[in-house]
1. Can you pull out the helices (runs of 4 or more DSSP H) entirely within the range 98-143 that have at least 1 residues that are of a type in the set (Ser, Thr, Tyr) and without any contact (Cβ under 8 Å) to a residue 12 or more places away in the chain?
2. Which condition from (1) assigned to a helix (DSSP H, G or I); (2) among the charged types (D, E, K, R); (3) loosely packed, with under 10 Cβ neighbours inside 10 Å is the one that ARG81 breaks?
3. State whether the residues of the range 47-62 include one that is β-branched (Val, Ile, Thr) and out of contact with any Gly (no Cβ under 8 Å at 6 or more places or on another chain).
4. Return the residue satisfying two criteria in turn: it lies in the range 8-25 and is at pLDDT below 95 and not hydrophobic (A, V, I, L, M, F, W, C), and of such residues it is farthest from PRO133 (Cα to Cα).
5. Which one of these is at pLDDT 85 or above and exposed (fewer than 13 other Cβ atoms within 10 Å of the Cβ): LEU108, LEU116, LEU137?
Amino acid sequence: MQLTSFTDYGLRALTFMAALPAGKLTSITEVTETYGVSRNHMVKIINQLSRNGYVMAIRGKNGGIRLGKPPSEIVIGQVVRDLEPLQLVNCHSDFCHITSACRLKNALNEAVQTFLAVLDGYTLADMVEDNQPLYQLLLSEKPSLRN
């Protein structure tokens, strides 16, 4: 299974924000420069993450973005559910004439549920806590993680 770039960069943006010192704001520009993705694409991603409560956007001269909740409360499996179109194949009867007898769709659904169950065992905090190599790559210094 391959995640869309939208979900991939959504998870990367959340990881970046989780690695920041507690309370520190960042900008969409800083996130896009860190990962080399188009600003336009990242704006859409951050907007969706904000609608789902993962990111808080603060407007104004001293505004920016930061996590909308502690990393320990952001479950990776739920983020994937919220961002990813999880239908692996089109089983609509107008598209596939064997839908009524097909067992593959059930096997694929079981695989997706198993994939998500594994991701449900991890939080954003698990991805960043005590991860010195990540801090060095993203921030060039060790931050104080938010709680």
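The values are calculated or read from the model by the stated rules, or taken from the named source; none is laboratory data. All values reported here derive from a predicted model rather than from experimental measurement. No Cβ is skipped: glycine too gets one built from the backbone with ideal geometry, and neighbour counts run over all protein chains shown.
1. On the way: elements: 104-119, 124-128, 132-138.
Qualifying helices (runs of 4 or more DSSP H): 104-119.
2. Just one mismatch for ARG81, condition (3).
3. For the range 47-62, residues β-branched (Val, Ile, Thr) and out of contact with any Gly (no Cβ under 8 Å at 6 or more places or on another chain): absent.
4. Here the residue is GLY23.
5. On the way: LEU108 fails: exposed (fewer than 13 other Cβ atoms within 10 Å of the Cβ); LEU116 fails: exposed (fewer than 13 other Cβ atoms within 10 Å of the Cβ).
Result of the check over LEU108, LEU116, LEU137: LEU137.
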